[in-house]
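The structure appears right after this line, and notes come after that.
The values are calculated or read from the model by the stated rules, or taken from the named source; none is laboratory data. This one's a predicted model, so the numbers in the text were calculated from it and none came from an experiment. A quick note on method: Cβ atoms are made from the backbone with ideal geometry, for glycine too, and the neighbour counts reach across all protein chains shown. When the accessible area is computed, the model is the full protein with side chains, heavy atoms only, and any ligands, DNA or RNA have been set aside. Shrake-Rupley method; radii C 1.70, N 1.55, O 1.52, S 1.80 Å.
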Number of protein chains: 2
Amino acid sequence: MTLSDDLKILKEIDKEISLLNSAANLLWWDRATLMPIKAAEERAEQISFIAVLIHEKTTSKELSRIISNLSKNITKLNNIEKAIVTNYSWKLSRINKIPKKHIAELFKVIGLAQHNWEIAKKNNDFKLFAPYLEKIVELKKKEAKYIDPRGNPYEVLLQDYERGITLKILDETFNKLKRDLKTLIEKVKKSSKYGKEFNLKNIDFSIEIQKKVCQEISTMILDDNERFLIAKSAHPFMTKISPNDLRVTTAFRNDPLFSLFSTAHESGHALYEAQFSEDLKYTILHDAPSLGIHESQSRLWENQICRSKNFWKYYYDSYKQAFPNIKNVPMEKFYESINIVRPSFIRIESDELTYNMHIIIRYEIEKALMEGKLKVKDLPRIWNSKYKKYLGITPKTYSEGLLQDSHWSQGSIAYFPTYALGTIYSAMMYEQMLKENPKLEQEIAKGYLQFVKAWLRDKVHKHGATMRTPEIIMNACKKNLDPNTLISYYKRKFGEIYGF
Amino acid sequence: MTLSDDLKILKEIDKEISLLNSAANLLWWDRATLMPIKAAEERAEQISFIAVLIHEKTTSKELSRIISNLSKNITKLNNIEKAIVTNYSWKLSRINKIPKKHIAELFKVIGLAQHNWEIAKKNNDFKLFAPYLEKIVELKKKEAKYIDPRGNPYEVLLQDYERGITLKILDETFNKLKRDLKTLIEKVKKSSKYGKEFNLKNIDFSIEIQKKVCQEISTMILDDNERFLIAKSAHPFMTKISPNDLRVTTAFRNDPLFSLFSTAHESGHALYEAQFSEDLKYTILHDAPSLGIHESQSRLWENQICRSKNFWKYYYDSYKQAFPNIKNVPMEKFYESINIVRPSFIRIESDELTYNMHIIIRYEIEKALMEGKLKVKDLPRIWNSKYKKYLGITPKTYSEGLLQDSHWSQGSIAYFPTYALGTIYSAMMYEQMLKENPKLEQEIAKGYLQFVKAWLRDKVHKHGATMRTPEIIMNACKKNLDPNTLISYYKRKFGEIYGF
């Protein structure tokens, strides 16, 4: 086999994996948005079968041989080929170390764990879920050991989601963030405004008009509606079916802002996928290099743009036209209502400022679990003491406490930190944009968002997974991961609202 | 390998093919209903890749070995196992005879033919499409030769769609049908009512309310809405994603009856798929044994039930409530308007009586093409002369003539007869139901449709593909394919309406 034969087969396999992912993603998307309820079991079989095909293709001897061969000749490849080979090389170096038996066992436990987590959450019964979580922790520790017997198990798993971030970096970053967030939250609580904010949640908004507003928000962010689609699902998410088929979902609650900001959030994810370079189509590089940087894109549109005063200077008039029942609410009051800070139990419903405290709590807990410093049975005590200490509140039930999220039942451990990293990246990017374009906020106040989109495309999106996240951040923001930028942004924003 | 090993692997492969079909069907359904337009090319790649996987699984050496082995031991198998083996055996005996190269070439030509057919139809330019049709005819002749070098090529291809029906049967059936239809159409044209029928098409109906009516019609036929879903597409169709996930689409035209009857039609198809025996799940038997018998199910609900006077005795009051703009139209007038007979050019828009003439014209033409008695360049002349002779009208353009259908461009030759066979089967089934339950029409007039559903389930649906169509028809209707039953039904129905 010549080098070019190998490259040809690699590109074919890469494309086949990408096509299988399209089918899998459509099966997932359809399940969450449309599928008749009685088909749930059949759909699970379809999804799992496609997952098996993808796993077989990825772990085939042929792919391993080709990657090993091309790795030895890496200097002869062009930049995209190099990146494809190094990405697969890294992926195979992990996946090929895990015995098939282990994966099968993990999937079996996860199946049971998810089912029992649902019942446990519904019945507020932690004891029902605990044995499954214990088994998952044990298996994930084992998995980390397979991959790197000498590494810290949490750090090893973290690489699946945020490659290149170490425990040292996370500890430093989160400790700093925690300290500063605590101070800021205290300041908000002591503000004379606290508890007297104008609250929109009590006003009634029609779902039909909410849908129209979501469509508008999404069109503002995504422009081209021949590549995108919005649908309704129980939990908002974004999925790429293929490069020109990007799907955003939203959900409707009593709170009209939930659908609006979730649409902005998911549209931010979609814009990222929409702006990958054309060259990367049907390759492993048509993807973000990490979950954190993907999250930075949703955060940036949700928070820095759509929760900003300047955005509403532009958009509030037409928003009021859509919802005449707030026609007498001044813009400043409305802006206040969408930025109320209030420590609360449910992560995905929390405000912009307190959000990261939820992440830090989870990080500290799951790291301790993986390092063997904490046992599953002690979770309720630790959970409550951390909520009391960091946010000043104590959950009354497991369901609004440690049973709220499905992630652990799905075996996703070391995943939570990416949410906070994404938030930090988004603040760093926005600050850098402001430096490069001092008129940016005036432009946003006029509804002109092209600078933001072009900046993101050139500095972040178009690279796909050809570069690693730390490299992209350094090139785009001229510095490494830095929680101070986020803190400064919070100080400015919430200082103005709460008067400190 | 023991027999039970072979059976186990066969069941696995059978299930895997079924799961891949689910993914393929969802990709098709989504493309027709929701997919953003720019993703068309990517979607074609996904669908074709899944088709290749299905083809690879079906033509694998392992499956051939297992089927051949089990065929030799067929007496040791239970009835379902036997039917699975004989179905695969028949399928492989055809597919394995066609060289891969031929399939690749056919797919390439079809791709170009479809594209050029679309342009040709738009521009009324037969010459643009003719060379592609010539190539398709040539390749389909070759394909028939691969399968059976000594058979009549049309008859060989027909077996893919309606196994067990010979050219002799078709010729006898269609000649009889043609003669009688001609007489009946002449009678209608000479009726004093002809040209003076009450016509609903000129009345304006809201799409939103049409949707509601479609939902009602579909619910009447399908009952259980946790297994079904209705969506909108350019051309109505039904697809099974999986046994408990059956999808019907409809389309909306100026004519409100189009969406109503297309919903009844597609729901009839869905009910068939919904009532297969549970034992057949994930096997090749979870399917109709032929297209004609599948079509009989859509026809029966569309025509015998939903275009009948008794059905409207039950439903007309609530229909009028949905559309108050016809509140003064008496039921008899409405019934007349949904059964107007008028020779016309477009098959899928034709009335119940003249419909089969379109099929017979196509049958005669495509059979002559395949037998080498007719050349593609002579098609326009033949088409027009047959329309003049059988229906008394001459199309003014190719677009409303021989370019109207996409089937030939898709390589579907010998497929049209199944539409007429389905229509005949439906009349035979309905007549037999009436014999077994003389009160059936009174029941329908009260909206009670359970007898029809149960009869269809027990006599037709539950068997799936465990029996062949002629056997099912004989068992259910106590006679072989018989066009006279259809003609008698037409005489009764249209004789009453047109007074002859």
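Inter-copy label distances for residue B:91: 3.1 nm (label point placed 7 Å from Cα along Cα→Cβ; shortest first).
Specify the angular offset, from 0 to 90 degrees and rounded to the nearest 10, of the alpha carbon long axis of helix A:61-72 from the longest principal axis of the alpha carbons in chain A. Compared with the principal axis, the helix lies near 80 degrees.
Across chain B, Cα-Cα pairs more than 33 Å apart make up 41 percent of the total. For region B:3-150, the relative contact order works out to 20 percent when only alpha carbon pairs closer than 8 Å and six or more residues apart are counted.
Legend: mean number of C-beta atoms from other chains within 10 angstrom of residue C-beta atoms, peptide A:17-30, equals 5. In region A:116-275, Cα pairs under 8 Å separated by at least six residues give a relative contact order of 14 percent. Ellipticity at 222 nm from helices only: DSSP H runs of n ≥ 4 in chain A, each -39500 (n - 2.57), divided by the residue count, give -20500 deg cm²/dmol. Taking 0.36 nm per residue of sequence separation and removing the Cα-Cα distance, the residue A:406/residue A:183 pair yields an extension gain of 77.3 nm. Peptide A:35-48 is shielded by partner chain Cβ atoms: per residue, an average of 6 of them sit within 10 Å of its Cβ. A simple spin-label model places pseudo-atoms 7 Å from Cα toward Cβ; at residue A:175 and residue A:396 they are separated by 3.7 nm.
Shown for residue A:368: label points 7 Å from Cα along the beta-carbon vector, and their distances to the equivalent points in the other copies, 8.7 nm in ascending order.
Solvent-accessible area lost on pairing A with B (1.4 Å probe, both sides summed) amounts to about 3000 Å².
Can you give the FRET efficiency to the nearest 0.05 for residue B:349 and residue A:488, using r as the Cβ-Cβ distance and R₀ = 60 Å? Let's see the in-between values first.
Details: r = 67 Å, r/R0 = 1.12.
According to the calculation, E is roughly 0.35.
Inter-copy label distances for residue A:467: 7.0 nm (label point placed 7 Å from Cα along Cα→Cβ; shortest first).
The P(r) of region A:212-358 has a tail past 24 Å containing 35 percent of all C-alpha pairs. Roughly how tilted is helix A:450-459, in degrees to the nearest 10 and between 0 and 90, from the longest Cα axis of chain A? Approximately 30 degrees, to the nearest 10. Rounded to 0.05, the FRET efficiency of the residue B:327 and residue A:52 pair, given R0 = 56 Å and the Cβ-Cβ distance, is 0.45. Applied to region A:442-448, the Karplus parametrisation 6.51 cos²θ - 1.76 cosθ + 1.60 on θ = phi - 60° returns per-residue 3J(HN,Hα) values of 5, 4, 4, 5, 9, x, 8 Hz, with x for Gly and Pro. For the residues of B:240-247, the average number of beta carbons from a partner chain within 10 Å of their own beta carbon is 6. Between the Cα long axis of helix B:207-222 and the first principal axis of chain B there is an angle of about 60°, rounded to the nearest 10. One chain, two ends: residue A:5 and residue A:125. Fully extended at 0.36 nm per residue, the span grows by 37.5 nm beyond their Cα-Cα distance.
For residue B:279 and residue B:389 in one chain, what is 0.36 nm times their gap in residues minus the Cα-Cα distance, to one decimal in nm? It would help to have the intermediate numbers written out before the result.
Details: separation 110, 0.36 × 110 = 39.60 nm, distance 4.95 nm.
Net length gain for the segment: 34.6 nm.
Across every direction, the projection of the convex hull enclosing the Cα atoms of region B:3-150 has a mean area of 11.4 nm².
One residue of chain B places its C-beta nearer than any other to the axis carrying B onto A; that residue and its whole-Å distance are B:23, 2. Taken one residue at a time, the phi angles of region A:399-405 give Karplus couplings (6.51, -1.76, 1.60, θ = phi - 60°) of 5, 9, x, 6, 9, 5, 9 Hz. Gly and Pro are set to x. Size estimate for region A:154-222 follows the Kirkwood approach: the inverse of mean 1/r over distinct Cα pairs works out to 16.9 Å.
How big is the C-alpha Rg of the protein assembly as shown next to the rule-of-thumb value 2.2 N^0.38 Å, as a ratio?
Ratio of Rg to 2.2 N^0.38 Å for the protein assembly as shown: 1.07.
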